[in-house]
Amino acid sequence: MKYVKQFCIIIMVSLLGELLRIGLPFPIPASVYGMLLLFLALVSGVLKLEQIRDTALFLVEIMPVLFVSAGVGLMESWDILQPILLPVLIILLLTTIIVMGVAGQVTQIIIRISERRHPQ
């Protein structure tokens, strides 16, 4: 019963994300709204990590299975993707490198700021 309760909490947060997507005029996916709401609820203490921990860990563990349908969709769309495969792969490669670089730089900046505030 614990898992059902935790799963219902996660689904409710997702539903609130869907409602925000419908209600707000921004082009932001509902899942992003849901993650932001979950983050804010956890940081503010409205929701305790223990209230969703077990089910969240389970969902992270089965995440690869959740991508199977996306893979099948790509295979179904192969005729459409084949002519534009090279540009798509180049874009994927470039954006991955850019995201990794930006994330690394931001991480280094945060570490430097943290070391200045709390010298060892």
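The values are calculated or read from the model by the stated rules, or taken from the named source; none is laboratory data. All values reported here derive from a predicted model rather than from experimental measurement. Positions of Cβ are generated from backbone atoms using ideal geometry, with glycine treated the same way; all protein chains shown enter the neighbour counts. Surface accessibility is based on the protein's heavy atoms, side chains included, excluding ligands, DNA and RNA. Shrake-Rupley method; radii C 1.70, N 1.55, O 1.52, S 1.80 Å.
Brief remarks on what is shown
- Averaging the sequence gap over all C-alpha pairs within less than 8 Å and six or more residues apart, then dividing by the number of residues, gives the chain a relative contact order of 19 percent.
- Portion, in percent, of the accessible area of the chain that falls on carbon or sulfur, probe 1.4 Å: 75 percent
- Which of 99, 85, 49, positive extreme of dipole for the chain (C-beta unit charges): 49
- Evaluated at q = 0.11, 0.12, 0.20, 0.21 Å⁻¹: base-10 log I(q)/I(0), Debye formula over Cα of the chain: -0.67, -0.79, -1.19, -1.18
- Hull-based mean projected area of segment 51-120, where the convex hull spans the alpha carbons, in square nanometres: 8.3 nm²
- Accessible surface for the chain, divided over its residues, is 84 Å² per residue with a 1.4 Å probe.
- Of the trypsin sites (Lys or Arg not before Pro) in segment 1-105, those whose Cβ has at most 16 other Cβ within 10 Å and which sit in DSSP loop: 48
- Only DSSP H runs of four or more residues enter the estimate; each adds -39500 (n - 2.57), and after division by the residues of the chain the mean residue ellipticity at 222 nm equals -25500 deg cm²/dmol.
- GNM result for the chain, Cα springs below 10 Å: residue of 72, 106, 60 fluctuating most strongly: 106
- Membrane-span-like helices in the chain (whole DSSP H runs, Cα extent of at least 20 Å along the helix axis, mean Kyte-Doolittle hydropathy of at least 0.0): 2-23, 30-44, 85-117.
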